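Undergrad: Let me give you the structure first, and then I'll get to my questions.
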Amino acid sequence: MADDQFPGWHGTTIIGVKKGDEVVIAGDGQVSLGQTVIKGTARKVRKLSPGGFDVVAGFAGSTADAFTLLERLETKLEATPGQLARASVELAKDWRTDKYLQKLEAMLIVTDGKDMFVITGAGDVLEPEHNVAAIGSGGNFALAAARAMMDSEKDAETVARDAMAIAADICVYTNGRLTVEKIGG
């Protein structure tokens, strides 16, 4: 089947919100193939604890590819304990230069409670503006909604949950079945 004929995997919205001393990453549970919902309860947000150092990661894209990247990130974090930025840059460098990793189709949002980054297969490690990052099919909807709420009295978890609810109402590849992981607060 040609690439342009394949219906494509969709079905993820991941958001990271940093507000005060709390950082939250939330992700929906829907995985779709074309116009069919394959699974509604996928868990796309994980807490990693290499060496007792807590990191939360959310992924969009191919699940198998994302798990490969999460394993690599965990290895990088074990080699550089407490240095999320360094581990993220090392992962992005490997992802960009390793022929096997180059074929992986996923993106990550990671946080250690202090820093938050979006890591892409293009070798980017991006620190989000306005303390909000979002990726996936409904990422732009969730990002816009969260940015509109950042000046409110809502805490980071409430902003993330409300933004995800708005994205789920708009994006057919996003559902309201959330996994939420928090650091701080």
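Read-outs: derived from the displayed coordinates by stated rules, not from any lab. All values reported here derive from a predicted model rather than from experimental measurement. Every residue, glycine among them, receives a Cβ derived from its backbone with ideal geometry; neighbour counts consider all protein chains shown.
Undergrad: Under a straight-distance cross-link criterion of Cα-Cα below 26 Å, which lysines are reachable from residue 103, leaving out those fewer than 8 residues away in the same chain?
TA: Cα-Cα hits under 26 Å: 39, 44, 47, 76, 93.
Undergrad: Same structure, new question: At a threshold of 8 angstrom on Cα-Cα distance, excluding pairs fewer than six apart, so keeping six or more, what relative contact order does the chain reach in percent?
TA: On the way: 429 pairs, mean separation 59.2, N = 185.
Relative contact order for the chain comes out at 32 percent.
Undergrad: So, one more: Counting other beta carbons within 10 Å of each residue's own, what order do 155, 112 fall into, fewest first? Show your work: numbers first, answer last.
TA: Details: 155 16, 112 22.
With the sparsest Cβ surroundings first, the list reads 155, 112.
Undergrad: Right, something else. Explain nothing, just compute: Karplus ³J(HN,Hα) = 6.51 cos²θ - 1.76 cosθ + 1.60, θ = phi - 60°, for every residue of the range 69-82 in order, whole Hz, x for Gly and Pro.
TA: Those phi angles translate into 5, 4, 5, 5, 4, 4, 4, 5, 5, 5, 6, 10, x, x Hz.
Undergrad: Working only with C-alpha atoms, what are the Rg and Dmax values of the chain, expressed in angstrom?
TA: Cα only, the chain: 15.7, 50 Å (Rg, Dmax).
Undergrad: What are the ³J(HN,Hα) values, in whole Hz, obtained from phi via the Karplus relation 6.51 cos²θ - 1.76 cosθ + 1.60 with θ = phi - 60°, for each residue of the range 160-169 in sequence order, with x given for Gly and Pro?
TA: Karplus-based 3J(HN,Hα) across the range 160-169 equals 4, 5, 5, 5, 5, 5, 5, 4, 5, 6 Hz.
Undergrad: Give me 43, 86, 147 ranked fewest to most by other Cβ atoms within 10 Å of their Cβ, as a rough exposure proxy.
TA: Placing the least packed residue first, the sequence is 43, 86, 147.
Undergrad: Next question. Using only the alpha-carbon atoms of the range 87-159 as identical scatterers, what base-10 log of I(q)/I(0) does the Debye formula give at q = 0.12, 0.22 Å⁻¹?
TA: Debye intensities relative to I(0), on a log10 scale: -0.39, -0.99.
Undergrad: Would you kindly state the longest site-free stretch of the chain, with sites defined as GluC sites (Glu not before Pro) in a DSSP loop (not H, G, I, E, B) surrounded by at most 15 other Cβ atoms within 10 Å? Before the final figure, lay out the partial values.
TA: Details: sites that count: 105, 153.
In short, 1-104.
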